[in-house]
Every structure is written in C-alpha cells, then in structure tokens.
Amino acid sequence: NRLTAFKDPLLHSFNKNASVIDKSSPILSDISSRLNLLVLGDSMGDLTMGKGLGKERENTLRIGFLNGQMDKLSQFLEGFDIVIINDQTVHIPFAIATSIISSSIMN
C-alpha cells in the first residue's frame with residue numbers, strides 16, 4: 001500500500017513536451033508534421049510544451065489560464081497570446097478552435 005517507484009518517463013510540470021514521447025511512437029511522427037500548435041497552460045512552464053517537435057510551428061497560439069495568482073499577470077501577458085482570468089472552463093479555446101476549423105472547411 002505504498003508507492004515504491006515511477007514508470008519512465010515521469011511527467012511533471014517542467015517536462016510536459018514532446019521530449020517525453022517515445023521516439024518510435026506513431027503519434028510523434030503525426031504531430032511533428034503539423035503546421036499549427038495550440039498550447040493551453042496554467043503555468044509559465046507550459047509555454048515550452050511544443051519543445052521537442054523538431055521545428056517551431058508557423059502558427060502557434062498560446063492560451064494561459066490565470067486562476068487567482070494575479071501577481072503573475074504581467075508574466076502571463078508577456079508569455080501567452082491570450083490570458084483567461086479566473087475561468088477554468090475551455091469555452092474560449094473551444095470557440096477559437098471551432099472558428100478555425102469552420103473557416104478552413106469553408107475555404
């Protein structure tokens with residue numbers, strides 16, 4: 001009834017990026033070829049989630065969720081393209097993604 005070990009790779013707030021994906025995994029080759037990236041995060045460390053994909057994305061939208069730590073507002077505004085304050089829902093990111101998908105289908 002005690003935790004004795006972790007299975008590698010151990011995911012934590014400072015390594016949430018493609019470097020932890022098995023290099024032979026089909027998902028890595030699938031996501032590595034995509035041109036767009038949507039990053040949703042609630043800490044400054046989340047800004048590096050695209051790391052390890054092989055190249056910088058042409059279109060990256062970083063949305064930060066700032067829930068209660070208003071002393072970090074200036075950092076969030078500097079790092080994220082959009083900062084959502086005190087709203088833990090994904091209504092805004094979902095509306096943005098829906099709009100992008102709809103416009104790409106129409107074109």
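Couple of notes before you dig in:
- Protection proxy ranking of 41-51, 88-98, by the mean of other Cβ atoms within 10 Å over each peptide's residues and highest first, is 41-51, 88-98.
- In the chain, the calculated helix contribution to ellipticity at 222 nm averages -8000 deg cm²/dmol per residue, counting -39,500 (n - 2.57) for every DSSP H run with n ≥ 4.
- Aspartates and glutamates whose Cα lies under 12 Å from that of Lys72, excluding same-chain neighbours fewer than 8 positions away: Asp42
- The amide H of Val83, built 1.01 Å from its N in the peptide plane, has Gly64 as neighbours under 5 Å, considering only residues 5 or more places off or on other chains.
- Relative contact order (percent, whole number), the chain, Cα cutoff 8 Å, 6+ residue spacing: 20
- Near Leu37, the amide H atoms lying under 5 Å from its own belong to Asn59, Thr60, Leu61; only residues 5 or more places off or on other chains count, and H is placed 1.01 Å from N.
- Mean accessible surface per residue for the chain, computed with a 1.4 Å probe while every protein chain stays in place, in Å²: 74
- The apolar share of the surface of the chain, taken as the fraction of accessible area on carbon and sulfur atoms (1.4 Å probe, ligands and nucleic acids excluded), comes to 57 percent.
- Backbone N within segment 28-67 under 15 Å of label point (7 Å from Ile105 Cα along the Cβ vector): none
- Here the peptides 78-87, 61-70 are ranked by packing, the mean other Cβ count within 10 Å, and the order with the highest first is 61-70, 78-87.
- Ranked from largest to smallest solvent-accessible area, with a 1.4 Å probe on the protein heavy atoms, Val39, Val20 come out as Val20, Val39.
- Computed over the chain, the range of Cα coordinates on each principal axis works out to 48, 38, 27 Å, biggest value leading.
The values are calculated or read from the model by the stated rules, or taken from the named source; none is laboratory data. On a predicted model such as this, the values are computed, not experimentally measured, just so you know. Backbone-built Cβ (ideal geometry, glycine too); neighbour counts: all protein chains shown. These accessible areas exclude ligands, DNA and RNA; they are computed on the full protein's heavy atoms, side chains included. Shrake-Rupley method; radii C 1.70, N 1.55, O 1.52, S 1.80 Å.
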